[in-house]
Every structure is written in C-alpha cells, then in structure tokens.
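Notes to accompany the following structure.
Where a number appears in this text, it was derived from the coordinates with a stated rule and is not lab data. As the structure is a prediction and not an experimental result, all values here were calculated from the model. Using ideal geometry, Cβ is built from the backbone for each residue, glycine included, and neighbour counts are taken over all protein chains shown.
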Amino acid sequence: MITRTKGQMKMMETLLILVIFLFLLGIVFILYVKLSRVSAEQSRSEDADLQSIEIAQTVAFLAELQCSAKNVAEDNCFDLLKINALSDLILRDPLIRNRYYYDLFEYSNITIQEIYPTERSFTLYDRHSEACEDGGGCSSKLTLIPTTIYDPYSKRYSFAVLSIRTTR
C-alpha cells in the first residue's frame, strides 16, 4: 500500500507540472496574439501615414497646379487659375478622375484652403471608398501642408493650407 501511495504521489506531481506548463503556455500564446495585433495596427497606421505623405508630395509637385515663371516652378506655390481649372476638370469629368487621378490619389479628399487675405476653399479631388462609407473598419489620416496661392491677375500671393485626408 505504501508503494501504491508513492506512485500516486509521483503521478499527481507529474500531472500538476503538466497542468502548470500548459497554463503558462496558454498565457504566452495569449500575449503573443495580443502583441501581434498591436504590431499589425501600428504597421497599418504607418502605411496610412506614408500613403498620405506620398499623396501630399504628389500634389505639391503636380505641374497642373504649380506656379511657374519662365518655365521655372516655385516651391510650395499653386497658381489660382490652375487650381480652378483642375478642380473643374476633375469634378466635372469622372473618366479623368477615375482613370488618371485615381492612380495618383486613390481614396482621398484633397482641398486647398486659402487663409489670408480671403478665406475660401477649393476641392481638387474627392473620392471615398464604398467600404468606408458602409461603416467598415477604415482608418483616416489628415496631412496639412502650408503653401501659397498666386493670383496672376492681381499678381499677389495669399497664404493657404493644402489638406489631404486619405482613407484606407
């Protein structure tokens, strides 16, 4: 009977060690899954930031918008006549918006907001994802870039902000 009790004790010890090991293994697995989710969300957020910055740089260097004198483009400057022409063209012609500019801007809203001396806003491009409109899990990033608008009629500059909201 004594040997049987010692054998049962050894078996209980082994079983207890196995249960503790499986419990610790479960905790490690749960932590791994949570850390993977956090890492994936950070990666998604970084990708959205990079996409927003890439679109902002594309807009800033569009020949269709830049101020130029004698074929030399000015940095951080948009021509008022070009802004009006491009926004009318993109908003009026869905073929141009969907074929050419979608490849550049994807799902984003691009506006130039004049701040001083007058306050007005020009929407250059506006396209939203259907999945985001239906309440899907989309992330949105806003990039603001200070810039100037040149009015060739009055030959004056005004302060503005280029606003790019990308959805992903």
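Rg to Rh ratio, the chain, alpha-carbon atoms and Kirkwood radius? It would help to have the intermediate numbers written out before the result.
Working: Rg = 29.1 Å, Rh = 20.1 Å.
Ratio value, two decimals: 1.45.
Quick one: how many lysine pairs does the chain have with C-alpha atoms less than 29 Å apart and a gap of 8 or more or different chains? Give me the count, please. Present the calculation step by step, with values, prior to reporting the outcome.
Numbers: K34/K141; K70/K82; K70/K155; K82/K141; K82/K155.
Lysine pairs meeting the criterion: 5.
Considering only L124, V161, V28, whose Cα is most displaced toward the positive end of the charge dipole of the chain, charges sitting on Cβ of Lys, Arg (+1) and Asp, Glu (-1)?
V28
Taking the Cα centroid of the range 15-41 and of the range 66-92, what is the distance between the two, rounded to the nearest whole Å?
Between the Cα centres of the range 15-41 and the range 66-92 lies a distance of 57 Å.
How large is the dipole of the range 14-168 about the Cα centre if only Lys and Arg carry +1 and Asp and Glu carry -1, each at its Cβ, rounded to the nearest 20 debye?
For this selection, approximately 160 debye.
What's the magnitude of the charge dipole for the range 17-81 around its Cα centre, counting Lys and Arg as +1 and Asp and Glu as -1 at the beta-carbon? Answer in Debye, nearest 20.
Working: 4 positive and 9 negative charges, 108 e Å.
Once rounded to the nearest 20, the dipole reads 520 debye.
Among all stretches of the chain without exposed GluC sites (Glu not before Pro) (DSSP loop, at most 15 other Cβ atoms within 10 Å), which one is longest?
Working: sites that count: E64, E119.
The answer is 1-63.
With unit charges on the beta carbon (Lys/Arg positive, Asp/Glu negative), name the residue among A56, S43, S108 whose Cα is farthest towards the positive pole of the charge dipole of the chain.
Farthest along the dipole direction, towards plus: S43.
Run the helix sum for the chain: -39,500 (n - 2.57) per DSSP H stretch of 4+ residues, divided by residue count, reported at 222 nm to the nearest 500 deg cm²/dmol.
Per the formula, -16500 deg cm²/dmol.
Taking only Cα atoms of the range 1-82, what ratio of Rg to Rh do you get with Rh as the Kirkwood inverse-distance radius? Walk me through the intermediate numbers first.
On the way: Rg = 32.6 Å, Rh = 19.0 Å.
Ratio value, two decimals: 1.72.
Just want to confirm a number: the relative contact order over the chain, from Cα pairs under 8 angstrom separated by 6+ residues, in percent.
Answer for the chain is 22 percent.
Compute the length gained on full extension between R44 and E13: take 0.36 nm times their separation in residues and subtract their Cα-Cα distance, giving the result in nm to one decimal.
6.5 nm
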